[in-house]
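The values are calculated or read from the model by the stated rules, or taken from the named source; none is laboratory data. Values in this document were obtained by computation on a predicted structure and should not be read as measured data. Here the Cβ positions follow ideal geometry from the backbone for every residue, glycine too, while neighbour counts run over all protein chains shown. In case anyone asks, the SASA skips ligands and DNA or RNA and just uses the protein heavy atoms, side chains included. Shrake-Rupley method; radii C 1.70, N 1.55, O 1.52, S 1.80 Å.
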Amino acid sequence: GSELAHFAEVLLFLTLVIQLSRLEKQHRNSPIYRHTTTVPPADNQRFRQFRIMEASVVSNSLDVYCIVVASKETSSSWAPVIDTLRDKHSTRFDVRVVVLSGPQPGTACPDAFGSRDNRRALQDALPRYTVAICQWYECTEIFVRGFSRLCCTLDKTHPYVDTIWGILTAASVEDAMLIASCTPFRVENIVSGTCGVDLKHFVGRGVAYNELQPGALKRKEAGSDEIISANDKPDTAIDIRNEICQPDVHMIFTSGHATESGWEIDYTAKYKSKFSCREDNQLYAISADGTTTSDVIAPTPKVYSAAGNCLMAHVSKQDCMALSWMHSAGVRQMFGYTVPTWFGYGGWGTHKYFFMPPGRHSLCEAVFANRQALIHELVRKYPEERTTVIDGQTDNIYNDCFGTKTTSAAVAKGFPRECLGLLYDRDTVVFYGDPATDVRLAVAPGHIAHYTTTLQRSAKPSTDTGSRIATENDAEASTPEVWVWRVVTHLSGTWTAPTPDDKTAAPGRPPMALFPYRLRGKVRPLVHEGDAACVCTTLFLMLDVQGPFEKGQEYTCHVVHTPPTPP
C-alpha cells in the first residue's frame, strides 16, 4: 500500500513538471518574451540593423488583440473567420472579441461607434492590434470613417491613434478566410502602374509603368540597382495583367484615374487601356482598343498600395475593385482612399514608412505611423482645428480644392488648404487585412539605411535619472522605469517632404518606434540636456523633428514609464 501511494506521488509530481514545462515553453515562444525584432527568426539576420529591443526585456502579460465584429449577424455567418484569427494569434496575444452594439454600422452615423458600450469595451482592452470584421455591405465609407475616429478615442490623454487597426472584409466568407489565414511574408518583387515608386527599394525584380505616358516603363532585375527605361508601347493594361500573374510577385502598386468599378492606367490617352471587374469579382484587363480582355488569375499572396487612386478602397458594392483585387489577384493586405484623393498625405506618405528604411515597418505599421505623423502635423500647426470632422464624400471638398467650385462650408470657415487636406485624409485612408500579419520589405545585404534606431529599457535608472523621477512622481506610484530611444542617421536627407504627395524626399517623415508591448500606466518624456523632443504614448514614440539632417547626427529621447499601482 505504501509503495502504491509513493508511486502515485511520483506520478503526480512528474505530471506537474510536464505541465510547468509546457507553460514555460509557451511563454518563451511568445514574441513578447523574446522581442528582439518583429521579424520572424528565419529573417533575423537580414533585419538585424533594425533591432529595437534587447532580449532581456520581458512583458508582464500578453498584449491584447481585439476582434471587433460589425454585427451579431456577422458574428454568426463569419464565425469561421473569427475562429481562424483567434487560433492564429492566441499564442501571441490575449485575443478578445467585441460585437458592436447599436444600429447597423453600414448605415449608422459614425458617432454610433462612440457609444458607451463599444467605447468602454475597447478602452478596457486597450489592444495593441484591432481588426474590424465586417461583410462587404457593412464596410461603407461611413463605417471606415467612424471606426477610424473610434480608434483615436481609447486613451483620452492624447489625440493620437491608440491601436494598430485594420478592417477585414471580402466579397465572400471564402475570400475572408484566405485573408485571415495569411501568414507573414517578405516583399521582394513589384508590379507598379506608376513611376512614382523607386524600384531600387526592392531586392528582387520590378517593373513600373508610367500612367502619364502610355507605353513608357522602367525595369529592374533581381540583385541589380540598374534601372532600364523602355518605350515599347505595349498594351499597358494587358501587359500589367501578365506581370501580375507571375507567381513570384509580392506587391502591386497603382495610381491614376479610378472609381469603385475600374482603373484607367492610361487615363491621359485618347484610347485608354484599363482594368475592371465582373459580378463574380473576376478582375480583368481591357486592351486600349477595347477588343481584348484578359482575366487576372494570380493567387500568390500579395500586398497592394492604391495610394495614387481615387475611390479604390471604397466598398460601394459587392463587385467593386477592392474586393476583386482580393478575390482575383491574391491581395491579402491593401490600403487606399475611400474617397476621391487630391491632397495625398495619407496615401503617398505611407510609403515613406514602408520603404524608408526598408524592412523597418510592416505595411499596417506604415499606415499607422503615417496617420500619427498626419495627426501631429494638425497638433503642431492647427491645434484649434484638429478636432474638426470632415465627411469626405458629403462635403464636396474634392471639387472645391480642385477649383471647380468656389465655396463650401469648410472653405468658408477660412481653413488653410493644408489644414483642410490633413483633416480630409485623416479618416479616409483605410488598411484592409489582418493588422498583425507581418508583411514588410525584404532588405538587401549591406543596405545602408537613412537612419537606424535602438529602444532599450533601463533595468536600473542612473542616480541622476532616478532622483529626477522621484521628485516628479507621487510617492505612492509604482517604481518607474526609463526607456532610452536613440536615432542615428547614416545618410543625409530630410525629415520633411516638400509636398503632401511627395514621392522622392527621403525619408520625408519623422522616425517612429513601437514599444515591444503596450505599456500599462503613464508615460511622459524625461527631458535631459541635449535630448530631442518626441511624442510618446503607451504604444509608440515619434521624433518631433522637421527639415534637413546630415549624416552622423544622433537624437536621444528618455521616456519615463510609471506602471499602475498594484491593487
Can you order the peptides 533-540, 134-141, 493-500 by their average number of other Cβ atoms within 10 Å per residue, highest first?
134-141, 533-540, 493-500
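Given the pairs K88/K156; K220/K503; K220/K302; K381/K503, which span a C-alpha to C-alpha distance of over 27 angstrom in this model? Mind showing how you got there, number by number?
Details: K88/K156 31 Å; K220/K503 18 Å; K220/K302 19 Å; K381/K503 23 Å.
Where the Cα-Cα span goes over 27 Å, the pairs concerned are K88/K156.
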Under Karplus coefficients 6.51, -1.76 and 1.60, residue-wise ³J(HN,Hα) of the stretch 437-454 in Hz, glycine/proline x:
7, 7, 10, 8, 5, 6, 10, 5, x, x, 4, 9, 7, 4, 7, 10, 9, 10
HN-Hα couplings for the stretch 234-249 via Karplus (6.51, -1.76, 1.60; θ = phi - 60°), in whole Hz with x for Gly/Pro, come out as x, 7, 4, 4, 5, 5, 5, 4, 5, 5, 4, 6, 5, x, 9, 7
Sulfur and carbon atoms: percent of accessible area, the stretch 474-524 [1.4 Å]:
53
Can you give the FRET efficiency for E529 and R380, using 1/(1 + (r/R0)^6), R0 = 22 Å, r = Cβ-Cβ distance, to the nearest 0.05?
0.40
Residue-normalised value, i.e. accessible area per residue, for the stretch 169-281 at 1.4 Å probe, in Å², stands at 42
For an R0 of 22 angstrom, estimate the FRET efficiency from the Cβ-Cβ distance between Q282 and T183 and round to the nearest 0.05.
0.30
For D162, list long-range residues whose amide hydrogen, built 1.01 Å from N in the peptide plane, is under 5 Å from its own amide hydrogen.
C152, T153, L154
For the stretch 301-340, with equal point scatterers placed on the C-alpha atoms only and solvent neglected, what are the log10 I(q)/I(0) values from the Debye formula at q = 0.19, 0.27 1/Å, to two decimals?
-0.46, -0.89
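Could you tell me whether the stretch 193-305 comes out rounded, prolate or oblate from its Cα gyration tensor? Rule is a ≥ b ≥ c as square roots of the eigenvalues, rounded for a/c under 1.5, then prolate if a/b exceeds b/c, otherwise oblate. Spell out each step's value before the answer.
Numbers: a/c = 1.89, a/b = 1.29, b/c = 1.47.
It comes out oblate by the Cα gyration axes.
Scan the stretch 261-346 for trypsin sites (Lys or Arg not before Pro) in coil per DSSP, keeping those whose Cβ has at most 10 other Cβ atoms within 10 Å, and list them by number.
Sparse-neighbourhood loop trypsin sites (Lys or Arg not before Pro): K270.
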Taking amide H atoms as placed 1.01 Å from N in the peptide plane, list the residues 5 or more away in sequence, or in a different chain, whose amide H sits under 5 Å from that of T496.
G508, G547
